[in-house]
Structures are given as structure tokens and as C-alpha cells.
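Written below as C-alpha cells is the structure these notes are about.
The values are calculated or read from the model by the stated rules, or taken from the named source; none is laboratory data. Small disclaimer: the values here were computed from a predicted structure and weren't measured. Cβ atoms come from the backbone with ideal geometry, glycine included; neighbour counts cover every protein chain shown.
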Ligand code: E4P
């Protein structure tokens, strides 16, 4: 399973890239706004560090304008992926851009039926938001399992990006289920490395070692 970072923070991206474990990055308008940066400048900076897909979201709501935006973003770097929202206009744009060979990530997906439409529109990626589904009182990981089943039934090539991740367990479950990608906020990514028993184990080994040396 590929691991993407869900952030537009360049310092964090550089830090995590050093481990060689970042396969791509997803941004959204909220994440770019948080950085107080120009979208084009920041996305180009990210694309110079990470060579996997970098998702940049269109800001228009009309299909024609989304298509223009998508074509413009796609020229910023060879690994740019255009995020189109899961709306009727977003799907029109997704279909046109995909036919032109531009990778599209259909975002803000909350149902299996929406994921089916995104795949039929030829999207390279679909982003179901599991955390927000859970927040709404439904089961986000159940949604992932349904989408995996649908895509398997019809051999769709669209890759599932499990998004809106809130815990390391959701990352593990995504891998168990066979999702293609998880996009992970930095705080949760950091937690993937950790387990209290690992820390306790290291402490005990080092304590035992120094006690033995003193004898
Ligand atoms: C995905 O591409 C989105 O950027 C992201 O996962 C949204 O997550 P949130 O629900 O934590 O804002």
C-alpha cells in the first residue's frame, strides 16, 4: 500500500521524505490556506521534493473552469494530479481531463455509489473520507470495503486513496483490506512508528546493558 502525506507543510514533507516512505502528497484548499501560500508556488515546491503523485484541488465550481484550471495545474510538474470534487460538474471535468491523459483524484467521496461514478469517469484516484464519514455517525472503513468490492467486481483501474485518516489503526485496516493508498496527516504518520512497548523495551535493554558494564 502506498503512503501519501496529507499536508502542504514543506518542512514536514522534507522531514518525512528523508525516510523514503512518502509515495505522494495530497493537498486541499484548507491545507494550502493554512500555510498562507500561493497554490502554484507551494505545489511546485512539493513536486520538487516528492516524485509520486501530488494532488492539487481545483477551486472553480463550473466544469469548463475546472477543466481550464486542471490543464493549467497539470503543466506545473509531471506528477501533478488534479483533485476534482465529487459533483456533477466535477465528474464532467474529471472525465475530460482523464481522457486527455491528466491524472484526476475525485475527492469528497462519501458513498460507494459516488465511488462507482468516479471510476466510470476514468479517474486515476478516488478519495473516500473515512474520518468525516465516522464523524457523521456512519462507518468509514465499511465504506472502503464496499468500494474495494465494487472495483474488484468490475476490474476498475481507479486507485482508492483512504483519506481523512484519524488513527494508525485506520491505516492498518486499509492495508488489511487491500486499499491502494492511505493519505495520512503528519501527526498520525508520526504515530505509525511508535508503540509504548517498543520504547519500554529499548529502555530495559539499555538499562540492563549499563548495569552489566558497571559490574
Ligand atoms: C484528502 O485528500 C483530504 O485532504 C483529507 O484527507 C481531508 O481530511 P480531514 O477530514 O481531516 O480534513
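Scanning region 31-63 for residues being out of contact with any strand residue (DSSP E or B) (no Cβ under 7 Å at 6 or more places or on another chain), assigned to a loop (DSSP other than H, G, I, E, B), surrounded by 15 or more Cβ atoms within 10 Å (Cβ to Cβ) and in contact (Cβ under 8 Å) with a residue 24 or more places away in the chain gives a total of 1.
In region 64-169, which helices (runs of 4 or more DSSP H) lie fully inside it and hold 2 or more residues that are touching a residue at least 40 places away in the same chain (Cβ under 8 Å) and crowded, with 17+ Cβ neighbours inside 10 Å?
Values: elements: 88-99, 112-120, 130-135, 140-153.
Counting at least 2 such residues, we get 112-120.
Selection over region 1-30 of residues that are surrounded by 15 or more Cβ atoms within 10 Å (Cβ to Cβ), away from the ligand (no atom under 11 Å from the Cβ) and in a loop (DSSP other than H, G, I, E, B) gives a count of 4. Taking the stated definitions as given, is residue 71 modelled with pLDDT of 95 or more, out of contact with any strand residue (DSSP E or B) (no Cβ under 7 Å at 6 or more places or on another chain) and away from the ligand (no atom under 15 Å from the Cβ)? So residue 71 fits the description; yes.
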